[in-house]
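Novice: Below is one structure. I have some questions about it.
The values are calculated or read from the model by the stated rules, or taken from the named source; none is laboratory data. Owing to the predicted nature of the structure, the values given are computational and were not obtained by experimental measurement. Every residue, glycine among them, receives a Cβ derived from its backbone with ideal geometry; neighbour counts consider all protein chains shown.
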Amino acid sequence: MKLRRVLLVFLLVGGFWFLTTHLPSGFDRWSMGHLFQAGNSGSALQLTEAEAAPAYDAEEQNNIAIYKRVLPSVVNVTSTTLVFDFFNGVVPQHGQGSGFILDKSGHVLTNYHVVENANRGIEVMLSNKRRYAAKVVGTDKVHDLALLQIDAPSLEPVTLADSSGLAVGQKVYAIGNPFGLSGTMTRGIISSIRSIRESEGALIEDAIQTDAAINPGNSGGPLLNSHGEVIGINTMIASNGADQSSGIGFAIPINTAKAVLADLTRYGRVKRPSLGIVSYGIGPDLASQMGLAVDSGVLVQKVIPGGAAAHARRRAGRPARRQPTGLRRQYSHHAGRRPYRRHRWPSGHRSRGD
């Protein structure tokens with residue numbers, strides 16, 4: 001047994017001595033590695049690596065700068081609503097959207113449908129993953145806007161642009177939380193400026209149409225120009241039955257939001273002019289049956305106390321002549337159609353870990 005061990009040691013030492021003294025010069029351990037690779041695969045693997053990372057071009061630099069500057073101002077909005085399940089039990093239901101910080105006082109602008117029916121609280125998560133309870137300062141269902149407020153330190157507000165001079169073809173960016181993937185930026189152009197109707201029938205004048213990818217969870221997030229300024233609030237997509245981007249998204253112009261923010265902060269609601277009446281439209285046939293001197297008009301069925309009609313001493317039952325408006329005719333082809341879908345995204349469907 002001892003003799004065998006001595007012979008094994010002798011063979012190992014002799015083999016090492018032979019390899020180190022009789023192989024050609026330069027045939028080191030790396031050459032041995034290549035030799036084994038050549039024997040196994042037929043050829044050695046040759047990799048070409050860059051000496052240094054390439055410099056960003058001007059467009060890439062601008063994209064990166066916008067993202068870094070605006071990301072701290074974009075928030076994730078989660079609303080909680082108690083609903084009844086199949087067994088008539090009460091269960092919480094979560095919805096997600098986006099928003100952005102308006103000032104250092106913690107005012108956050110988002111879509112109304114993101115926080116609609118949130119009877120068990122609203123939570124705002126900043127880009128640093130810190131979460132804060134939010135209260136509703138005011139809502140405007142007609143324009144699909146909601147103003148929230150959080151109590152958080154060191155907030156970075158966005159810069160609001162003027163959306164009156166937008167042009168088709170200019171570059172835009174959207175930052176939000178599509179499908180719960182926080183901090184996502186997409187890019188595109190303004191495809192058109194057009195007035196559209198929301199799923200609830202409300203008219204959005206001069207809505208910004210874009211091909212930048214807008215998906216469920218982007219609602220309430222900012223649409224930015226090439227300077228990183230907010231020009232709109234992402235609100236819905238032309239879905240055609242699919243709950244994802246089809247290349248046609250819409251944003252509420254930021255000038256529309258500016259017009260209602262003062263009322264939301266002061267009154268908690270938007271004050272709009274109103275006639276203060278309940279009316280019924282009269283056509284030629286009905287006018288003839290009633291023996292009216294005009295063939296069209298509006299029958300005042302009820303005067304709302306304290307309204308404009310009450311102050312003008314208008315009485316119910318007295319027909320008032322109706323003047324046809326070009327606006328009604330212009331958008332009448334949208335009546336009864338709901339081709340667009342808002343995208344309030346249930347948080348239960350988001351990817352794990354987001």
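Novice: Please verify whether Ile150 is of a type outside the set (D, E, K, R) and surrounded by 19 or more Cβ atoms within 10 Å (Cβ to Cβ), treating the condition exactly as stated.
Specialist: Yes; evaluated as a whole, the condition is true for this residue.
Novice: For segment 202-222, state whether one or more residues are of a type in the set (Ser, Thr, Tyr) and in contact with a His (Cβ under 8 Å, 6 or more places away or on another chain).
Specialist: Yes.
Novice: Here's something else I'd like to know. With (1) at pLDDT below 65; (2) under 30 Å from Val172 (Cα atoms) as the list, and Gly33 as the residue in question, which single condition is left unmet?
Specialist: It fails just one condition, (2).
Novice: Hey, any hits in segment 181-199 for a residue that's in contact with an Asp or Glu (Cβ under 9 Å, 6 or more places away or on another chain), surrounded by fewer than 17 Cβ atoms within 10 Å (Cβ to Cβ) and closer than 25 Å to Leu102 by Cβ?
Specialist: Checked against the condition, which is being in contact with an Asp or Glu (Cβ under 9 Å, 6 or more places away or on another chain), surrounded by fewer than 17 Cβ atoms within 10 Å (Cβ to Cβ) and closer than 25 Å to Leu102 by Cβ, segment 181-199 yields at least one hit.
Novice: Are there strands (runs of 3 or more DSSP E) fully within segment 127-183 with at least 1 residues that are within 17 Å of the chain's Cα centre (by Cα) and not assigned by TED's automatic domain parsing to the domain that holds Gly228? List them.
Specialist: 145-149
Novice: Mind checking which residues of segment 127-163 are among the small types (Gly, Ala, Ser) and touching a strand residue (DSSP E or B) at 6+ places or on another chain (Cβ under 8 Å)?
Specialist: Passing the criteria: Ser127, Ala133, Ala134, Gly138, Ala146, Ala152, Ala161, Ser163.
Novice: Quick check on this structure: which one of Val90, Val70 is at pLDDT 95 or above and aliphatic (A, V, I, L, M)? Walk me through it before giving the result.
Specialist: On the way: Val90 fails: at pLDDT 95 or above.
None of the other options fit; the residue is Val70.
Novice: For segment 200-214, which residues satisfy the criterion of being at pLDDT below 90 and surrounded by 21 or more Cβ atoms within 10 Å (Cβ to Cβ)?
Specialist: Once the filter is applied, which keeps residues that are at pLDDT below 90 and surrounded by 21 or more Cβ atoms within 10 Å (Cβ to Cβ), segment 200-214 yields only Ile204.
Novice: Search segment 167-192 for residues being of a type in the set (A, V, I, L, M) and at pLDDT 95 or above, and hand back the single one that is nearest to Val108 (Cα to Cα).
Specialist: Narrowing segment 167-192 to residues of a type in the set (A, V, I, L, M): 167-168, 172, 174-175, 181, 185, 189-190.
When the remaining residues are screened for being at pLDDT 95 or above, the result is 167-168, 172, 174-175, 185, 189-190.
Values: Ala167: 27, Val168: 28, Val172: 21, Ala174: 17, Ile175: 15, Met185: 19, Ile189: 25, Ile190: 25 Å.
That would be Ile175.
Novice: Please verify whether Ser192 is more than 21 Å from Tyr112 (Cβ to Cβ) and assigned to a strand (DSSP E or B), treating the condition exactly as stated.
Specialist: For Ser192, the condition - more than 21 Å from Tyr112 (Cβ to Cβ) and assigned to a strand (DSSP E or B) - is met.
Novice: From the residues in segment 113-126 that are surrounded by fewer than 22 Cβ atoms within 10 Å (Cβ to Cβ) and assigned to a strand (DSSP E or B), which one is nearest to the chain's Cα centre (by Cα)?
Specialist: Among them, the one singled out is Met125.
Novice: Another question, then. Only one of these is at pLDDT below 75, over 29 Å from Leu147 (Cβ atoms) and either assigned by TED's automatic domain parsing to the domain that holds Tyr112 or surrounded by fewer than 16 Cβ atoms within 10 Å (Cβ to Cβ) (or both): Ala293, Ala310. Name it.
Specialist: Details: Ala293 fails: at pLDDT below 75.
Matching residue, one of Ala293, Ala310: Ala310.
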